[in-house]
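Peer 1: Following this message is one structure expressed as structure tokens.
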Amino acid sequence: MADKAKMIVDPSFRIAEIDRRMYGSFIEHLGRAVYTGIYQPGHPAADEDGFRRDVMELVRELGVPIVRYPGGNFVSNFFWEDSVGPKESRRPRLDLAWRTLESNQFGIDEFQKWCRRTDSEVMMAVNLGTRGTADALNLLEYCNLDTGTAYARMRRENGHPEPYRIRTWCMGNEMDGPWQVGHKPAAEYGRLAAETAKAMKLMDDSLEFVICGSSNIMMPTFPEWERITLEEAYDYIDYVSLHQYYGNDEGDTADFLANTLDLETFIHTIECTIDYVRAKRRSKKQVNLSFDEWNVWYHSMQKDNEKMTREPWDLHPPLLEDHYTFEDALLVGLILITFLRHADRIRIACLAQLVNVIAPIMTEENGNAWRQTIFYPFLQVSKYGRGYALECPLTSGKHDTSKHTDVTDIDATAVYNEEKGEVTIFAVNRSMTETVDFSADLRAFGDGLVLDEHTEMAGFPVDAVNSAENDRAVAPKKTAEHSFENGELTAQLRPLSWNVIHFSGYSADVARASHLPCGQS
Ligand code: AHR
């Protein structure tokens, strides 16, 4: 029998208001993300611009407020001006990152339009690999300015009179990685990022900049990379990027689900490194985190590596098409819980990626679009994880795994949406075998709070997957394994389960009244 788990949920224990951009995602020119993913002229679901309506519907369902573009490794040799203007005169290029032919039939203007249709904002990356400050300025002028100068004029002549007003800009991609075209040592990159951000701000001072942090926690330069680059660029940038992907090559589920302990360390170390540089510079400015690539990525890796060395250059070959399992969905839920706990510093996060490439949404080239297992936890946290992230003291039994110690059986957190009077608990039971009695004390919310719904993803084999034919095979289902009385929740969380427990009806006035001693009003 597993130990009981207990949590306290109180609306006054606020970590921070969650930035809506926490539920961002990423579209790279890679594999079938763009071509036959979001864009496929001639497909029965395509609109007048060739954007797949079935995909846009799923993107809107996920509620993705910001999408990073166009890479990724792709951006480090991207010539943006080849991707605009009349389609018949656009020049194809070799994409060195993914050994692919890029037709440039979809580019800056199409992506802007697509984002408008999906209610998303663009997060644009500039090429600091093979290009630099001047090119970044030209792209910024093309996107955001309304002047009579060459690039702003070029956008208007291409049929886009209104500036795009893109606010968030990434200073290249994974520049710490030796695989990156144009990879640089930390100090050199830090100077380049600083000077580019400085110059771009002279053109448009409403912009925010993301500097490249470590490509993952195992990078030999982590966290010196962050210290050195920040010492060069602290005054000019607003966010440090973090990237992290997880895999379970060894088939060790218990250890796979303990990966968020390393994630905690990663986030904490970057927060501390930023604050160290801030203190050293006696700066008042707070730099935050942009976790702009995160996911599970390993199912397709070996096959793709072989394919990229063997096969000839081709247009949009299927790459990184991980077919996600039930246990992957559990880890995605755990990652989101971890992010919510750091909502004071993680202001942007991008699930990498969005369509076909390590993605929650898949498309059949000659068929429909469908939801992978990981679609569901992301959907539920994006839907209910708006408002204030709460600090929720939690006690739980613990276990050890092959590479981690003191892993809590339960990981959980809660979000309070003041505007809607709603509270939502997100909880994962990592125990492979035991149901855990979970209780949550919500008495601070007073009378009036009602439990609307408890859903769980549970009871599936760890390798269960969805498909184009059935994308609800692995999906949340309602459960009645709970009771809620006098502000005390008790719920039975099944082994290996993702739980979302949603309450509504909270009113601060009712709560205040129910806390007053008898006779007072
Ligand atoms: O998301 C796939 C790739 O992973 C991106 O291009 C790169 O930034 C990272 O290494």
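Every number here is computed from the coordinates shown, using simple stated rules; none is lab data. These numbers come from a predicted model, not from an experiment. A quick note on method: Cβ atoms are made from the backbone with ideal geometry, for glycine too, and the neighbour counts reach across all protein chains shown.
Peer 1: Select from 500, 58, 325 the residue farthest towards the positive end of the dipole of the chain; place +1 on Cβ of Lys and Arg, -1 on Cβ of Asp and Glu, and compute about the Cα centre.
Peer 2: It is 58, whose Cα lies furthest towards the positive end.
Peer 1: Could you check the simple spin-label distance between residue 46 and residue 202, using points 7 Å along Cα→Cβ, in nm with one decimal?
Peer 2: In this crude spin-label approximation the distance works out to 4.3 nm.
Peer 1: Subtract the Cα-Cα distance of residue 91 and residue 146 from 0.36 nm times their separation in residues, and report this length gain in nm to one decimal. Walk me through the numbers on the way to the answer.
Peer 2: Numbers: separation 55, 0.36 × 55 = 19.80 nm, distance 2.61 nm.
17.2 nm is the gain from fully extending residue 91 to residue 146.
Peer 1: Moving on. Tell me, 147, 325, 401 in order of fewest to most beta-carbon neighbours within 10 Å?
Peer 2: Going from sparsest to densest Cβ surroundings: 147, 401, 325.
Peer 1: Shifting gears a bit: On a full-extension model of 0.36 nm per residue, what is the gain between residue 432 and residue 306, subtracting their alpha-carbon distance, rounded to one decimal in nm?
Peer 2: Using 0.36 nm per residue and subtracting the Cα-Cα distance, I get 42.0 nm.
Peer 1: Lysines within cross-link reach of residue 285: Cα-Cα under 17 Å, excluding same-chain residues under 8 positions apart?
Peer 2: Qualifying lysines at Cα under 17 Å: 198, 201.
Peer 1: Find how much the distance from residue 488 to residue 284 grows on full extension, using 0.36 nm per residue of separation minus their present alpha carbon separation; answer in nm with one decimal.
Peer 2: 69.2 nm
Peer 1: Separation between the residue 252 and residue 227 pseudo-spin-labels, each 7 Å from Cα along Cα→Cβ, expressed in nm?
Peer 2: 3.0
Peer 1: Where the centre of each part is set by its Cα atoms, how far does the stretch 1-62 sit from the stretch 261-323, in angstrom?
Peer 2: After rounding, the separation between the Cα centres reads 17 Å.
Peer 1: Just to be sure I follow the definition: excluding the sites themselves, where is the longest run in the chain that has none of the chymotrypsin sites (Phe, Trp or Tyr not before Pro) in a DSSP loop with at most 16 other Cβ atoms within 10 Å? All intermediate terms of the calculation are to be shown ahead of the outcome.
Peer 2: Working: sites that count: 13, 79, 179, 298, 313.
Result, exposed sites excluded: 314-521.
Peer 1: Specify the inter-centroid distance of the stretch 398-472 and the stretch 219-249, based on alpha-carbon positions, in whole Å.
Peer 2: Taking the Cα centre of each part, the stretch 398-472 and the stretch 219-249 sit 30 Å apart.
Peer 1: Among all stretches of the chain without exposed GluC sites (Glu not before Pro) (DSSP loop, at most 11 other Cβ atoms within 10 Å), which one is longest?
Peer 2: After excluding every exposed loop site, the longest remaining stretch is 49-249.
Peer 1: With runs of 4+ DSSP H residues as the only contributors, calculate the mean residue ellipticity of the chain at 222 nm using -39,500 (n - 2.57) per run, divided by the residue total and rounded to the nearest 500. It would help to have the intermediate numbers written out before the result.
Peer 2: Working: 12 runs with 138 residues, N = 521.
Dividing the helical sum by the residues of the chain leaves -8000 deg cm²/dmol.
Peer 1: Still on this structure: Give the lysines reachable from residue 477 as a straight Cα distance under 19 Å; neighbours fewer than 8 places away on the same chain don't count.
Peer 2: 383
Peer 1: Given H placed on each backbone N at 1.01 Å, which residues far from residue 68 in sequence or on other chains put an amide H within less than 5 Å of it?
Peer 2: Long-range HN contacts for residue 68: 25, 26, 27, 123.
Peer 1: If amide hydrogens are placed 1.01 Å from N in the peptide plane, which non-local residues have theirs closer than 5 Å to the one on residue 359?
Peer 2: When sequence neighbours closer than 5 places are left aside, the close amide H contacts are 322, 353.
Peer 1: OK, next. Using unit Cβ charges (K, R positive; D, E negative) and no other charged atoms, how large, in debye to the nearest 20, is the dipole of the stretch 110-151 about its Cα centre?
Peer 2: 120
Peer 1: Taking the Cα centre of the stretch 94-216 as origin, work out the dipole magnitude from +1 charges on Lys and Arg Cβ and -1 charges on Asp and Glu Cβ, in debye rounded to 20.
Peer 2: For the stretch 94-216, the charge dipole is close to 80 debye.
Peer 1: Hey, another quick one. Report the convex hull volume per residue for the stretch 13-109, counting only C-alpha atoms, in Å³.
Peer 2: 124
Peer 1: Binning at 20 angstrom from zero up to the longest distance, how are the C-alpha pair distances of the chain distributed in percent?
Peer 2: Computed distribution, short to long bins: 22, 54, 22, 1, 0.
Peer 1: Zone of residue 117 (label point 7 Å along Cα→Cβ, backbone N under 17 Å): which residues in the stretch 65-90?
Peer 2: Residues 67, 87 qualify, since their backbone N sits under 17 Å from the label point.
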